[in-house]
Each structure stands twice: as structure tokens, then as C-alpha cells.
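Student: Here it is, the structure, as C-alpha cells.
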Amino acid sequence: MAQIHPDFYTIQHLHQPATEGELILLDFLQKNLNMEFEIYYHPFINGDRPNIVILKKGCGAIIISVNDWDLTDYAINDDLDWWNNSTSTKVQSPFSQINYYKENLVSLHISTFLEKKMNKWYYSNIIYTLVYFHKMSQDNIEKFIHENISKEDNKNKFLKDIKYIQYWGYDSLTLQNLEEYFSKIRIEQPSFLFDEDIYNNFKRYLKPPFHQLEEGINIKYTKAQAELIRSESRPRRKIKGIAGSGKTLVLAKRAVNAYLRTNSEILILTFNLSLKNYIRDKINDVRESYPWEKFYITNYHQFIKSEANNYNLPIKGLKSYTDINFFEPVKNHIKKYKAIFIDEVQDYQTEWLEIITKYFLYEDSEFVVFGDEKQNIYRRPLDENKEPIIKTIAGNWNKSLNASKRFTSEIGKLAMKFQHHFLENKYTIDNMVVLDNPMLDFEQRNIKYANIGAKASTERIFNIYKGTCKKYCLNPADITILSGTADILREIEYSIRTQLKENTTTTFETKEEYDKSELETKSKNNFEERINTIRRYRRNHFSIKTGTVKLSSIHSFKGWESHTVFLIIEPHKSDSIQDFESVELIYTAITRAQVNLFILNMGNEKYDSFFNDNIQN
């Protein structure tokens, strides 16, 4: 018999009981598969919740969706959209849902998978998909498809879209069908593609580890932090903190305390996808015992996409993310949380917060947001006090986090001068206190500035970087290079890899990936989609603990910190839709540096006189 996680007894006594179809299929699979197969029921794959995943080491994986729809209640229109006839609402098809699960495993969740797929397209063939319609026979499924898709072109397109998805009815659960399916997909034959690395990455998501108390570290919280880390039932708090004041430190400890208080899953949301790993690192530092599966950390857009897919709701463009009634059709089925924490709340639209509290938060539960309006890089509207608008939380902001240990006093002073010069008319200026940080006491400290002109080549920037590293004996593991966009960084990253023969960590595509995508895609939309897929993947797996130089857009590095920062300020582009050198963005970049800050200005006159006056080279 196959291994099943969790065991049948646990599955039958879960808070949310398994459906009849799930239990029948699990029983069938366990009895007919041998011990080499691992069956995972409702694994939580960072937001995605497929019904069943089957794993066979060295061979491959199968994602299974169990569907209890009576297809006679549904229809498919000429655009191949699925509709629920009884509610007259558009729904996501079971085939689209399972494709989303697979694409996220390949292009987002599983480390190294996307690179392997880009080099060898057939890598995605080691993950198979199956939809089980528990209330329909195999013949009735076929009948539904052919009766609802009459146009030959549509039928061909639909069959092409589901070509690699197996679908079964309730009468398909026979040993013969199972053996024929396994023979077709060759799941029982060893595959060099499904190597130890990919298998272990699968297991990390399907069966997360338990964090032991000894894995944490002793953290000395300030008085202000100690007052904010206590988890409480029913509070709604908004906490403001300056850069480096320990907002994420407080969030991490309070989130762990919330788990210890409620013994339930904790939801932590950010705006920046790459920041999830920084929060995870901070939670890992907390000296307590807890299961990692109890912490769901992601960014807002990924959260909404995953939840929509889990409940078969189609995303209709950007408007779906701000539609405060989007989840209304499934409101009685949504999984809710007893504690939700939001970092970078200054980047959130007010509608997002309404959606979170309306559909995902239990009444009288803990809801705490953290922010700093000086890092308002998306220029969200502020209230009359020049503070972020948080309609879902009444009262004043807690402003006790005004002391920073992140950076040296020199960087702190520069940040405060920048606030007074550029931000005084837009925001309330911080009363910043820079605390002594013993870890920085014996460090060589450098703040340097140069205006290299708008026509400076990436080769010149690379040579300045190389010369600076040599002059100040900088370790690549301590360095982060930041800029408003990836265009310049991509060329510099290429030079670091090819000329210095050093590995890198980035939040964007390599030059080779960019050029290859241009050659292989047939349209601008396809090209942008591929580049965005690579960037989502890189941000999702970004970490500063790689021992290599890091390169990132300022947007994707917001919330992180780095020993040494090279900041490239790009020329002002009046025709650009987005402002990639706004004062909020430059302030955010400056406050990422802990010890060394090297600023290269590509002829942006807005900042030249300020940095010349305030940095002694």
C-alpha cells in the first residue's frame, strides 16, 4: 500500500472534513499503489491547495483535482468560458485550475525548476495532471464537452489546451484504468529529469519541517519592540516605524506568538514578493518551537491569485484585485484566519485591506499592519496627517519604533538630511534615533558619491564597481547593487559573471535569458509574459544569504538590508509612465545600506547638488 500523508484517521477528523469524492479516491489510490508512492492530501504549497499530490522518487509527480460538480449545471460559451447556470456567474474551469497549480510548481514554487525548463522544455513533462469528476461518469464528461463546444475550431482549441490533462469519472476508478494511465505517463519508470534536487524541493513544500527552539537565536528587544510583540485577541493595530527600526523583527515575533496563542495558521502579507524570504528568515530567528506549515507568507497579488484559483474564480484583469465583492460567490467556503499581519502597508490600496478583512479574517481576530509612509514608492493617497489611509483600523498609529539599529550614524544622518530636503512638504519628518550596533562598531565606513553623467556606459559603471571593491577590500557576499530598473543591472550582472567569474543573485533575468526570450517569443505580449515569469520566480526565491553579490531593482529590495550598497540613480525620463528615480525610491535605497554606501548618479540633476553638499568624498 502507498504512503499517505496525513494518515486516514487524521484526514477523517480534520476541522474541514474530506469530501466523499476525496475519500473514495484516496482509498482507491492507497490500495492500488505500492509503498514507493507518496500520497499527499490537501498539501499547502505556499497558497496553492490541490486536493491530492502523488510523488514517486526518481520518477515524477501527479497533481489531482477532485471535482464534485454536476456538469449539467454548467455551460461553456463560444469564448470557452465556463458558466454556472444556477448562479449565472462565470467560473474557472477545473482544467484551468489544475493547470495553474502545475504552472506555479514549475515557474514559481520549486527552486531551480524554471531554469531547467527554460534550457530543456520537456522538464515540465515530469509533472502530470488529472481531474477526477466524482459525480460524473466518463461518458457523461465526454458528452458535456461535445455538446457544449459545437464549433470545430473551438473544440480543437479546447482539446489542445487539455491535451496533457487526464480526466476521470466515477466509473474510471479501476485497476486497469490506473495501470493504463501510469503506462501512458511512464510514472513508474525512472527519470533522470526528476532528480534528487527537484524531489527534495517538492518534499520541502509537501511536508514542511518543524522549527525547533534551538534553531532560533537570543534576541534583545528594545522596550518599544517588547511592548508590540505580544499577541492579543481582537486588536486591530497600525504600527509605524522608521527604516531599520525592527518592524519586521516585531512582526516575526508577534506572528509566532499569535500561533502559540491560537494554535492556528497565521497569514502574513507583503507587497514585495521577494520580502517573504526576509520575513521567513526573521521568523526562523525566533527562539520557539513551531511547525513551518502554520505560516503562510506571500504578497497580496499572489495571495489573491491563489485564493481565486482555489475557489474556481476567474481573475478578470487588475480590477479583480480591487473588487471588494470579488469573493462574494464563495464567501461561505473561504478559509479564514485568527491572525493576519501586513508589512509594507503604505503600498496597499484601501480596497485590498477591505477585501482581506471582509473575507479572510475571523471577526474579533488579530489584525496588525506595519508601514513607513516615507517609503511610499507607489504614491498611495495619505490622510490629513500625511499618513497612510487604513479604513479598516480606527485610531492613531503607534509611532514608538523611532530608533534604528540597521545602519551607522553616518548613513542615519544622511537619511535624515534627505528627508528634510526632499520629503518635508509631503510627509511628517521622523524623529530618528540611531542606536549603537556592536556588530557595526569595527567596520570601515564609507559614503561616496559621483555624478558620472547620463551617457555613462554600463562598462564604465562596472569598472567603477570593480575598482571600488578592490580599493576598499569589499567582499562580494556583502554587496548589493540597486537601481530603478533592471536594464542597467542586467548588463552589469553579465560583466560580473563573465569577467570576474563570480556567481550572482538577482531579482530579474540574465542577459542570456533576455536575449533568448526575444528570439523565441512571437509577440511583445509573449515576451513580456516570459520575462515577468522569470522575475516572479527570481523574486520568490531571492535571498541575501547566498554568499554572492546581489543585484536588484529598488522596488524588489524594499524591506531588505545590505552591508554595502551601490546605488545607481538613473537619468530622469520625462516620457516614462513610471518614475524610477522618485524621492521615495531613492530614500528607500539609501536606507537599505548598513555600513557602506556608494552612489553613482547618471546625470540626474534633481539629486546632484544635495549629494555634493552632504557627502564628503
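The values are calculated or read from the model by the stated rules, or taken from the named source; none is laboratory data. Because the structure is a prediction, the values reported are computed rather than measured. Virtual Cβ from ideal backbone geometry, glycine too; neighbours counted across all protein chains shown.
Student: Only one of (1) in contact with a strand residue (DSSP E or B) (Cβ under 9 Å, 6 or more places away or on another chain); (2) part of a helix (DSSP H, G or I) fails for M118. Which number is that?
Tutor: With (1) in contact with a strand residue (DSSP E or B) (Cβ under 9 Å, 6 or more places away or on another chain); (2) part of a helix (DSSP H, G or I) applied to M118, the lone miss is (1).
Student: So, one more: Tell me, which helices (runs of 4 or more DSSP H) lie completely within the stretch 316-429 with 1 or more residues that are closer than 29 Å to K294 by Cα and either in the same structural domain as T89 (by TED's automatic domain parsing) or touching a Ser or Thr at 6+ places or on another chain (Cβ under 8 Å) (or both)?
Tutor: Details: elements: 319-322, 350-359, 409-418.
It comes to 350-359.
Student: To continue, here is another question. Within the stretch 7-30, identify whether any single residue is of a type in the set (S, T, N, Q), more than 20 Å from I62 (Cα to Cα) and outside any loop (DSSP other than H, G, I, E, B), and answer yes or no.
Tutor: Checked the stretch 7-30: at least one residue is of a type in the set (S, T, N, Q), more than 20 Å from I62 (Cα to Cα) and outside any loop (DSSP other than H, G, I, E, B).
Okay, residues lined up against (1) within 28 Å of the chain's Cα centre (by Cα); (2) among the hydroxyl-bearing types (S, T, Y):
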residue	(1), (2)
F370	yes, no
I377	yes, no
D383	no, no
P388	yes, no
T392	yes, yes
L401	yes, no
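Student: Hey, another quick one. Could you check the stretch 300-343 and list, in sequence order, the residues that are touching a strand residue (DSSP E or B) at 6+ places or on another chain (Cβ under 9 Å) and either farther than 30 Å from D79 by Cβ or among the aliphatic types (A, V, I, L, M) (or both)?
Tutor: L313, K336, Y337, K338, A339, I340, F341, I342, D343
Student: What are the residue pairs meeting all of these: first residue in the stretch 156-185, first residue without any contact (Cβ under 8 Å) to a residue 12 or more places away in the chain, second residue outside any helix (DSSP H, G or I) and of a type outside the set (S, T, Y), Cβ atoms under 6 Å, and 6 or more apart or on different chains?
Tutor: Listed by first residue and then by second, the contacts come to F182/E188.
Student: While we're here: Say whether the condition of being more than 25 Å from I39 (Cβ to Cβ), among the basic types (K, R), assigned to a helix (DSSP H, G or I) and assigned by TED's automatic domain parsing to the domain that holds T72 is met by at least one residue in the stretch 161-178. Before you say what the answer is, go through the steps one by one.
Tutor: If we filter the stretch 161-178 for residues that are more than 25 Å from I39 (Cβ to Cβ), which is where we start, we get 161, 163.
Narrowing the set further to residues that are among the basic types (K, R) leaves 163.
Now restrict to residues that are assigned to a helix (DSSP H, G or I): none.
No, the conditions are met nowhere in the stretch 161-178.
Student: Something else about it: Of the residues in the stretch 242-258, how many are outside any loop (DSSP other than H, G, I, E, B) and either under 30 Å from M416 (Cα atoms) or without any contact (Cβ under 8 Å) to a residue 40 or more places away in the chain (or both)? Talk me through it step by step, then tell me what you get.
Tutor: We begin by selecting, within the stretch 242-258, every residue outside any loop (DSSP other than H, G, I, E, B); these are 247-258.
Going one step further and asking which of them are either under 30 Å from M416 (Cα atoms) or without any contact (Cβ under 8 Å) to a residue 40 or more places away in the chain (or both), we end up with 247-254, 256-257.
The qualifying residues number 10.
Student: While we're looking at this one, here's another question. Of everything in the stretch 373-408, what is closer than 22 Å to A255 by Cα and touching a Pro at 6+ places or on another chain (Cβ under 9 Å)? Give them in sequence order.
Tutor: Selection gives W397 alone.
Student: So, one more: How do the pairs read when you match residues in the stretch 286-313 that are assigned to a loop (DSSP other than H, G, I, E, B) with residues anywhere that are β-branched (V, I, T), using Cβ under 6 Å and keeping only pairs 6 or more apart or on different chains?
Tutor: V286/V256; E288/V256; Y311/V330; N312/V91
Student: Restricting the first residue to the stretch 85-112 and requiring it to be over 21 Å from P43 (Cα atoms), which pairs with a second residue that is surrounded by fewer than 20 Cβ atoms within 10 Å (Cβ to Cβ) and among the hydroxyl-bearing types (S, T, Y) meet a Cβ separation below 7 Å and a spacing of at least six or different chains?
Tutor: Cβ pairs passing all conditions: N85/Y74.
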